[in-house]
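Contents: one structure, followed by commentary.
The values are calculated or read from the model by the stated rules, or taken from the named source; none is laboratory data. Quick caveat, the model's predicted, so the values are computed rather than measured. Glycine also receives a Cβ, built like all others from the backbone with ideal geometry; neighbour counts cover every protein chain displayed. Each accessible area value is taken on the protein alone, full model and side chains, heavy atoms only, with ligands, DNA and RNA left out. Shrake-Rupley method; radii C 1.70, N 1.55, O 1.52, S 1.80 Å.
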Amino acid sequence: MFNELVFTRESPTKADAYVGGGAYLPRNVVWPRSADGQPLTHLISFPGTWFSDALVDEDFWLSIFIPYLQGEVGHYRKLRALNGVSEAVVVGYSRSSEERNEAPNKIIDCRKVQLSLNPDSDDDENLASKLDGIDAWLQAPISSSGGRRRVSIYGGDLDASLPNNKGILSDGMGYLFLDDDFLAKKGTGCGSFFLQLG
């Protein structure tokens, strides 16, 4: 069994993980930018409770921001792991009541992501979108100073949920790494995100 991420076409409620749209970053958190100073695109946000039971009474969230231009493929190169880093930014924060979306290249649609206990066995060839479970790499294993892999996202699942923005991760796999002590590293030091293409 494993915890599968199910990407829906439903609108999220306040408590739901979601893909696309904006992020509820507090005003005192600077919107993440690329190496050349351009605002990054919000990809996905997760409630902190997915990663730690200690956050059950907190409104802590984790969001992934990526370089992105719809219909282009140049961002794939920027998301690959080079010396343990990519141009994606992972931010941990206390959720604000106001949504922000400062990226010029937005993913307009916003869709709910839910966890579902999949009864199938998990192994190193299971390329499903999942929380934790067994590492399944499309290429060589990734090691990161940003901790261990906690989420895998299959690009085809994004395409099904966001048909107006197909190809965000191609048919590859995105991997979210979180520092084991991510709660003590709020802001941009809590994790990293990488893309592998088949």
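Side notes on the structure shown:
- For segment 117-169, a Kirkwood hydrodynamic radius built from all Cα pairs, placed in the Stokes-Einstein relation at 37 °C and 0.692 mPa s, yields a translational diffusion coefficient of 262 µm²/s.
- Probe 1.4 Å, protein heavy atoms only - accessible area per residue of the chain in square angstrom: 47
- Neighbour cut-off at most 10 other Cβ (10 Å), DSSP loop, GluC sites (Glu not before Pro), segment 89-168: Glu98, Glu125
- Candidate aspartates and glutamates for bridging to Lys130, where Cα separation is under 20 Å - those fewer than 8 sequence places away on the same chain excluded: Glu4, Glu10, Asp16, Asp53, Asp120, Asp122, Asp157, Asp159, Asp171, Asp179, Asp180
- For semi-axes √(5λ) of the Cα gyration tensor in Å, computed directly from the structure shown, the correct entry in (1) 38, 26, 13; (2) 35, 24, 16; (3) 22, 20, 18 is (3).
- Helical runs assigned H by DSSP (4 residues or longer) give the chain a calculated mean residue ellipticity at 222 nm of -1500 deg cm²/dmol, each run adding -39500 (n - 2.57) before division by the residue total.
- Heavy-atom accessible surface of segment 37-105: percent carbon and sulfur, 1.4 Å: 43
- Charged-residue dipole, Cβ positions (Lys, Arg, Asp, Glu), the chain about Cα centre, Debye nearest 20: 740
- Vicinal HN-Hα couplings computed from phi for segment 111-119 (Karplus, 6.51 cos²θ - 1.76 cosθ + 1.60; Hz; Gly/Pro x): 10, 6, 10, 10, 9, 9, 6, 8, x
- FRET efficiency for Asp123 and Glu10, using Cβ-Cβ distance with R0 set to 25 Å, rounded to 0.05: 0.25
- For the set Lys14/Lys166; Lys78/Lys106; Lys112/Lys166, the pairs lying more than 22 angstrom apart at their alpha carbons are Lys14/Lys166.
- Per-pair calculated FRET efficiency, R0 = 30 Å: Asn105 and Asp57 via Cβ, rounded to 0.05: 0.25
- Sparse-neighbour loop sites [GluC sites (Glu not before Pro); segment 58-93; at most 12 other C-beta within 10 Å; DSSP]: Glu72
- Its relative contact order, with pairs defined as Cα atoms under 8 Å and 6+ residues apart, puts the chain at 28 percent.
- Residue range of the chain that is longest and free of trypsin sites (Lys or Arg not before Pro) which are both DSSP loop and sparsely packed (at most 10 other C-beta within 10 Å): 28-198
- A full extension of the chain between Gln38 and Ser97 corresponds to an added length of 18.8 nm, given 0.36 nm per residue minus the alpha carbon distance.
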